[in-house]
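Reviewing the structure listed below.
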């Protein structure tokens, strides 16, 4: 089996047309549905299990919710014409401290669903001018358009969904 590239090692080339904006928004909309389909009828014992000292499935779901604040903040940064986007907390302290294994999966789903729908409602009617706003990504050290930041979120979602799938298999 091919090991998944760690998120921190990912590189990105943002050179796609703005016409992909609706497709990217649709990917963002679909993350919750994929989570729900993947995790229905999975017992709590499996959802709470940590493997090799890494996050459990519930912790990964909680992490997806936790990052919605960052994603929205970065949209604010674009709209405020900031030169550099706010940085992520690469220690993921919010997720580590959240004690997500003590929460029912339905609660974690509800938190993520509400936050993601808020993000979708905020961006889905953006015009080309907004989609093409640019700022520097602090970790990647490269400029990114607002549309690129949404693609980045969708890629991160898929990265975490893949982690969950691997945890379900093992």
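Nothing in this text is a laboratory measurement; each read-out follows from the coordinates by a stated rule. Small disclaimer: the values here were computed from a predicted structure and weren't measured. Neighbour counts are summed over all protein chains in view; Cβ atoms, including those assigned to glycine, are modelled from backbone coordinates with ideal geometry.
Observations on the model:
- Whichever residue in the stretch 33-53 is closer than 19 Å to residue 170 by Cα and without any contact (Cβ under 8 Å) to a residue 40 or more places away in the chain and, among such residues, is nearest to the chain's Cα centre (by Cα): 37
Residue by residue, here is whether (1) in a helix (DSSP H, G or I); (2) surrounded by 14 or more Cβ atoms within 10 Å (Cβ to Cβ) holds:
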| site | (1), (2) |
| --- | --- |
| 14 | no, yes |
| 22 | yes, no |
| 25 | yes, yes |
| 45 | yes, no |
| 58 | yes, yes |
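- Annotation: residue 36 fulfils all but one of (1) within 29 Å of residue 146 (Cα to Cα); (2) surrounded by 16 or more Cβ atoms within 10 Å (Cβ to Cβ); the unmet one is (2).
- Of the helices (runs of 4 or more DSSP H) entirely within the stretch 63-170, those holding at least 2 residues that are farther than 18 Å from residue 22 by Cβ and either in contact (Cβ under 8 Å) with a residue 24 or more places away in the chain or out of contact with any helix residue (DSSP H, G or I) (no Cβ under 7 Å at 6 or more places or on another chain) (or both) occupy 68-79, 93-97, 105-123, 146-169.
- Within the option set 83, 99, being touching a strand residue (DSSP E or B) at 6+ places or on another chain (Cβ under 7 Å) and either within 22 Å of residue 151 (Cα to Cα) or surrounded by fewer than 16 Cβ atoms within 10 Å (Cβ to Cβ) (or both) holds for one residue only, 83.
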